[in-house]
Amino acid sequence: MSEETEKVYTDYFFDEPAYNTHDGGYVPLERMKVPEQRLNVPPLLEPDRETETDIYYTLVAQAGETQLLPGLPTKTWGYNTSLLGKTPVFKKGKHIHITLKNELPELTTFHWHGLNVSGPIVDGGCHAPIYPGETKQIDFTLDQPAATTWLHAHPCPSTAEQVWHGLAAMTIIQDDVEAKLPFPRHYGVDDIPLVLQDRRFHENNQWDYRADYDPDGVQGPTALIDGTVNPYFDVTTQKVRLRILDGANRREWRLHFSDDLTFTQIASDGGILPAPVKLTKLMLTCAERAEIIVDFGNYHNGDVVTLYSDDVPIVHFRIGDYQPDHTVIPDHLVDIPNPEPTPNLPIKKVVMSGMDEEVMLDGKKFDMQRIDAKQKVGDVAIWDITNTNDMTGGMVHPFHMHGCQFLVLSRNGHEPYPNEHGFKDTVGVNPGETVRIKVWFNLPGVYMYHCHIIEHEDGGMMAQIEAFDPDHPKTYDLMDMDTLAKAFAKERGIDVKDLWMAGMDSYEKMGMKM
Ligand code: C2O
Ligand code: CU
Ligand code: CU
């Protein structure tokens, strides 16, 4: 197929009436009138040491200050830096050893969103707290394809607030298949992570999560891209690969470039797509990732190409001198394994319902000590994820699973979107829609699944599944809310009855105990 005849998609695919812009609490993005600043590309995380077979990292969750705006610095949290985190690179097949240190004033967890690692401890969900001053060790070996994944805090029910403080970092998985594809991969030069977030700056340039709290998800009017307000990026190559993460608590990003520049999506959450997809528009829901290649070949030194979300500029690409790049992205990129469903398994049904404090999963709110479902390791099951929201247009809930990468089979019986043919761990479900996915687990463990509007997950739109191996039954010591609440209260020097954590409201208002 010649480049000209290839299909270019020009829509966002999702249901327009369900866009977050229609939400009563929607906070539109506004361009802040501050000078453009160089995009703060997170540095790579240097390993402590590396051998042929093993690699060792130390990750430190820490509090600090970051100069985001003219005037006072903002109090922020990050991994090995004051905001967001340095980027670790994991090679498929290597034994990875990570020292996790908590230097924050409160407990946290280190969740590997998108990694197929065992739950609930290595996975780093709510069952794996690390208390202030503590250090823990995890080890894992990745057996999954090259992908852009991420690390974020996940202590229930304070995930949303800790991510808001800045605890989110990009992570990159590499393998031999991706290494052979003609993609830009010079990190920081033509291979750029873009963590998309939004914040509201209050007095003295500070963030105030509680003041901004909304049970349907906290938003702010200022786009924060890799922790940079109003960023520009100096383009020095004809083609640039962007690894885009919706790292916002609530915001959907509807991305497009000036001049409706066509770009090529090469990867989704869990890895490279079977075939590239050409687009002029891309919508990401919370926690989704997309890797795209942008060809600036029609632009020249001095031009500026702008990336927008809706109609607000979020990154300015300043074009410099570059060498012509004639690489062609092949029509076929990778083979995606597509195992047959295990015979005679019932279809697993999941229902996301409600908005605001009423959010539920399967008519229940999350309980850390309840296992909601079981699936045998290696079994390939069909899951139907339904969003029953019907109030005024409803809303899109991004459904996420720990411990696996799934395949999207259909949306209300129709083909998935053209860029959903690769591995996913998060899928946006429209109101009134059932998204059918294929799920299998490689490792036994307890894994959470939930809406990734983070306030919805904290508010109870979450459940957990045990992936079990009948030949090696296990019992799990699951964390409980009282223990965590007491610890948070103690760390804050207050009585547990005075403790406020975002998700608690949603349980209390529904007359439920967390
Ligand atoms: Cu991004 Cu439960 O996770
Ligand atoms: Cu996750
Ligand atoms: Cu939701």
Total residues in the stretch 70-108, condition farther than 26 Å from Phe201 by Cα and out of contact with any strand residue (DSSP E or B) (no Cβ under 6 Å at 6 or more places or on another chain): 2
Unmet criterion (only one of (1) of a type in the set (A, V, I, L, M); (2) within 28 Å of Asp143 (Cα to Cα); (3) out of contact with any strand residue (DSSP E or B) (no Cβ under 9 Å at 6 or more places or on another chain)) for Val408: (3)
Yes/no for Phe183 being more than 21 Å from Gln464 (Cβ to Cβ) and aromatic (Phe, Trp, Tyr): yes
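So, Val446, is that one within 16 Å of ligand 1 (Cβ to nearest atom), within 21 Å of Val117 (Cβ to Cβ) and touching a Gly at 6+ places or on another chain (Cβ under 7 Å) or not? Talk me through it step by step, then tell me what you get.
Details: within 16 Å of ligand 1 (Cβ to nearest atom): yes; within 21 Å of Val117 (Cβ to Cβ): yes; touching a Gly at 6+ places or on another chain (Cβ under 7 Å): yes.
Yes.
Please determine whether any residue of the stretch 435-442 is within 16 Å of ligand 3 (Cβ to nearest atom), farther than 15 Å from Ser268 by Cβ and without any contact (Cβ under 8 Å) to a residue 60 or more places away in the chain.
Taking every residue of the stretch 435-442 in turn, none turns out to be within 16 Å of ligand 3 (Cβ to nearest atom), farther than 15 Å from Ser268 by Cβ and without any contact (Cβ under 8 Å) to a residue 60 or more places away in the chain.
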Failed condition for Tyr417, given (1) under 22 Å from the mean Cα position of the chain (by Cα); (2) outside any loop (DSSP other than H, G, I, E, B); (3) not aliphatic (A, V, I, L, M): (2)
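Residues of the stretch 480-512 being charged (D, E, K, R) and either touching a residue at least 12 places away in the same chain (Cβ under 8 Å) or part of a helix (DSSP H, G or I) (or both), which ones? Working first, answer last.
Restricting attention to the stretch 480-512, the residues satisfying the condition of being charged (D, E, K, R) are 480, 482, 486, 490-492, 495, 497-498, 505, 508-509.
Scanning the stretch 480-512 gives Asp480, Asp482, Lys486, Lys490, Glu491, Arg492, Lys497, Asp498, Asp505, Glu508, Lys509.
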Top-ranked residue of the stretch 29-49 - restricted to ones that are assigned to a loop (DSSP other than H, G, I, E, B) and within 21 Å of the chain's Cα centre (by Cα), ranked as surrounded by the fewest Cβ atoms within 10 Å (Cβ to Cβ): Pro43
Number of positions in the stretch 325-378 that are assigned to a helix (DSSP H, G or I) and over 22 Å from the mean Cα position of the chain (by Cα): 2
Residue pairs meeting the criteria (Cβ under 6 Å; at least 6 apart or on separate chains; first at pLDDT 95 or above, in the stretch 53-65; second outside any strand (DSSP E or B) and of a type in the set (D, E, K, R)): Ile55/Lys94; Tyr56/Asp48; Thr58/Asp48; Val60/Glu103; Gln62/Glu103
Residue that is assigned to a loop (DSSP other than H, G, I, E, B), more than 16 Å from ligand 1 (Cβ to nearest atom), modelled with pLDDT under 95 and surrounded by fewer than 18 Cβ atoms within 10 Å (Cβ to Cβ), where the choices are Asp477, Asp471: Asp477
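Tell me which strands (runs of 3 or more DSSP E) are completely within the stretch 75-160 and hold 3 or more residues being surrounded by fewer than 21 Cβ atoms within 10 Å (Cβ to Cβ) and in contact (Cβ under 8 Å) with a residue 24 or more places away in the chain, or say none if there are none.
95-102, 135-141
Quick one: in the stretch 449-466, of everything that is touching a Gly at 6+ places or on another chain (Cβ under 6 Å) and in a loop (DSSP other than H, G, I, E, B), which residue is farthest from Phe14 (Cα to Cα)?
Out of the qualifying residues, it is Gly459.
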Residues satisfying the stated conditions in the stretch 387-410, i.e. away from ligand 3 (no atom under 16 Å from the Cβ), outside any loop (DSSP other than H, G, I, E, B) and buried (at least 20 other Cβ atoms within 10 Å of the Cβ): Phe406, Leu407, Val408
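On the basis of being away from ligand 1 (no atom under 16 Å from the Cβ), among the charged types (D, E, K, R) and either at pLDDT below 95 or more than 13 Å from Gly270 (Cβ to Cβ) (or both), does Glu420 make the cut?
Numbers: away from ligand 1 (no atom under 16 Å from the Cβ): yes; among the charged types (D, E, K, R): yes; either at pLDDT below 95 or more than 13 Å from Gly270 (Cβ to Cβ) (or both): no.
So Glu420 does not fit the description; no.
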Test: residue in the stretch 184-203 that is within 16 Å of ligand 2 (Cβ to nearest atom), in contact with a helix residue (DSSP H, G or I) (Cβ under 9 Å, 6 or more places away or on another chain), touching a residue at least 40 places away in the same chain (Cβ under 8 Å) and not charged (D, E, K, R): no
Those residues of the stretch 337-357 which are more than 30 Å from Glu508 (Cβ to Cβ) and either within 16 Å of ligand 3 (Cβ to nearest atom) or in contact with a Leu (Cβ under 7 Å, 6 or more places away or on another chain) (or both), in sequence order: Asn338
Options Gly166, Gly114; residue that is touching a Leu at 6+ places or on another chain (Cβ under 9 Å) and on the phi > 0 side of the Ramachandran plot: Gly166
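The values are calculated or read from the model by the stated rules, or taken from the named source; none is laboratory data. Please read all numbers here as calculations on a predicted model, not as lab measurements. Here Cβ is always computed from backbone atoms with ideal geometry, including for glycine, and neighbour counts include all displayed protein chains.
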